[in-house]
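One structure below.
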Amino acid sequence: MCENVAMSRNVYTFLLYLLLPFTPVKLLWRARKQPEYLQHWRERYGFYQLQLQKPVIWLHCVSVGETRAAEPLIKGLLKQYPKHQVLLTHTTPTGRATSEQLFGDKIIRVYLPYDLPFAVNRFLKHFRPDIGVLMETELWFNLIDSCKQRKVPLLLVNARLSEKSAHGYHKLGKVVTQGLQGLTAVAAQTAQDATRLQNLGATNVSVIGNLKFDVAPHTNAVAQGKLLRDSLGSTRPVFLAASTRDGEEELILAAVTKANIPNLLTIIVPRHPQRFDAVADLLRTNGLDFVRRSSLASDAIVNPHISFVLGDSMGEMFTYYASCDVAFIGGSLLPLGGQNLIEACSMGKPVLIGPHTFNFEQATEMAIAAGAAERVHNGDDLALHLKDLLADSGKKQAMGAAALAFSGQNSGATERTLNLLAPYLSR
């Protein structure tokens, strides 16, 4: 058995080494749209210049979503362990930029290296973390093995695993089983997530809940949302299409056209910043008058003939939610798994979401059951639901109130996660 497991991981590592010569090409390719990929590139191979003097608590947050989800946990760690240095690792420049916005110089941030033994060993030797925390479902098998060899406790928290992803991991066989068994503990979001992880071989699994329910709006989010709404036109109905993905914007434009709501203003916020220009081109191609959020002065009033705002700013999602009447959550009209609806609910907004939500299935179903969200089946259905909600102020207010209650009733995962980490950390 041990020989079979070792062989599986050797094959995995061999394949990664085959891909290694192509990694600079990948970085250059991505840098065409996002030049930041060329910054700090040595870190991706395990070369770091930062020298830390304090004991290190290390968390890995791949990109924007994981970084935002970790916010309450990181704030809790900073408060409870002031003698430690919190180190965040990321994979994407947008994740890194998000941590800069949220935490500034309170934490240190670098890129996690590629999952090759020489790179991850260099990372662990350089920073010597007291503990490692992987957010959501980040399984890097050489990293897990290196932590185990160095006796670094490594925990997977806020863990989620869709049925589709579980099926994909199952195909990788023993290397996944060994990887999961190499984790010190796993904190799953739901009982379903826990069961899927256990079926793949995870041990010491507990159900702790979703940290995203504890992500609170920033103190000025409501005030900033009101300012934005005033600039958009306080008497106009405002529809927000949040975290949209490639191919969805066309469907949303068609839905808005079909709904034919007088004086409607639609805010479109693409999920990935590198797509801002592409969505701007789409709006121009369709002959639609729009303005970029980044070009709006704080006291500007959007011309009444403008029907669209391109949300091309970072760190303002709560502000966008605060400014709208109805929010649609992207990544769900096409089979992309959906995005997080909890932030919209925490701002007391009625939520519409598409049929494809396998990445956030339980939270979505819970929100629907609570009366906070409605599922739409396609673009035409989105048009019908949007028109219905904006015409029925009573229903809109009831859904908003239900959304606020739903977000509040499911909090508490941060405290439970901190309790899980405590035995592995000294104050």
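The values are calculated or read from the model by the stated rules, or taken from the named source; none is laboratory data. As the structure is a prediction and not an experimental result, all values here were calculated from the model. Cβ placement follows ideal geometry from the backbone for every residue including glycine, while neighbour counts extend to all protein chains displayed. Accessible surface areas use protein heavy atoms only, side chains included; no ligands, DNA or RNA. Shrake-Rupley method; radii C 1.70, N 1.55, O 1.52, S 1.80 Å.
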Solvent exposure of the chain as accessible area per residue, Å², 1.4 Å probe: 44
Compute a Gaussian network model of the chain, connecting alpha carbons closer than 10 Å, and tell me which residue from Q224, Q51, Q192 fluctuates the most. Q51
Does region 46-123 come out rounded, prolate or oblate by the C-alpha gyration tensor, with a ≥ b ≥ c the root eigenvalues, rounded set by a/c under 1.5 and, if not, prolate when a/b is larger than b/c and oblate if not? oblate
Enumerate the lysines that K54 could reach by cross-link, defined here as Cα to Cα under 24 Å, with residues fewer than 8 away along the same chain left out. K75, K79, K83, K106, K125, K148, K151
What percent do you get for the relative contact order of the chain when only Cα pairs under 8 Å and 6+ apart count? 14
Give the shape of region 364-417 as rounded, prolate or oblate, defined through the alpha-carbon gyration tensor: a ≥ b ≥ c are the square roots of its eigenvalues, a/c under 1.5 means rounded, and otherwise the shape is prolate if a/b is larger than b/c and oblate if not. oblate
Put +1 on the Cβ of every Lys and Arg and -1 on every Asp and Glu Cβ in region 358-427; which of N419, T364, A403 then has its Cα farthest towards the positive end of the dipole? N419
Determine the share of the chain's accessible area contributed by carbon and sulfur atoms, expressed in whole percent, with a 1.4 angstrom probe. 54
Taking 110-122, 15-27 and ranking on average Cβ neighbours within 10 Å, highest first, one gets 110-122, 15-27
5 Å is the cut-off here: which amide hydrogens, built 1.01 Å from N in the peptide plane, fall below it relative to E374, excluding neighbours closer than 5 in sequence? V351, L352, I353
Karplus (6.51, -1.76, 1.60) ³J(HN,Hα), θ = phi - 60°, over region 87-96, in Hz, Gly and Pro reported as x: 10, 9, 10, 10, 10, 10, x, 5, x, 5
Would you list which aspartates and glutamates come within 18 Å of K212, measuring only between C-alpha atoms, while excluding same-chain residues fewer than 8 positions from it? E66, E71, E136, E138, D193, E316, E343, E361, E365, E415
Residues meeting the amide H criterion for R292 (H placed from the backbone, H to H distance under 5 Å, 5 or more places apart or on another chain) are L310
Histogram of C-alpha separations across the chain, 20 Å bin width, %: 25, 55, 19, 0
From the backbone phi of region 61-76, what are the Karplus-calculated ³J(HN,Hα) couplings (6.51 cos²θ - 1.76 cosθ + 1.60, θ = phi - 60°) in whole Hz, Gly and Pro given as x? 10, 3, 9, 5, x, 5, 5, 5, 4, 7, 3, x, 5, 5, 4, x
Under 19 Å from K164, Cα to Cα: lysines that are on another chain or at least 8 residues apart: K174
For region 309-363, projected area of the alpha-carbon convex hull averaged over all directions, nm²: 4.0
Alpha-carbon centroid distance for the pair region 70-121 / region 377-427, whole angstrom: 26
At 222 nm, what value in deg cm²/dmol follows for the chain if DSSP H runs of at least 4 each add -39500 (n - 2.57) and the sum is divided by all its residues, to the nearest 500? -13500 deg cm²/dmol
Rounded to the nearest 20 Debye, what is the dipole magnitude of region 9-136 about its Cα centre when Lys and Arg each give +1 and Asp and Glu each give -1 at the C-beta? 180
Value of relative contact order over region 61-141, rounded to a whole percent, pairs C-alpha under 8 Å and six or more apart: 33
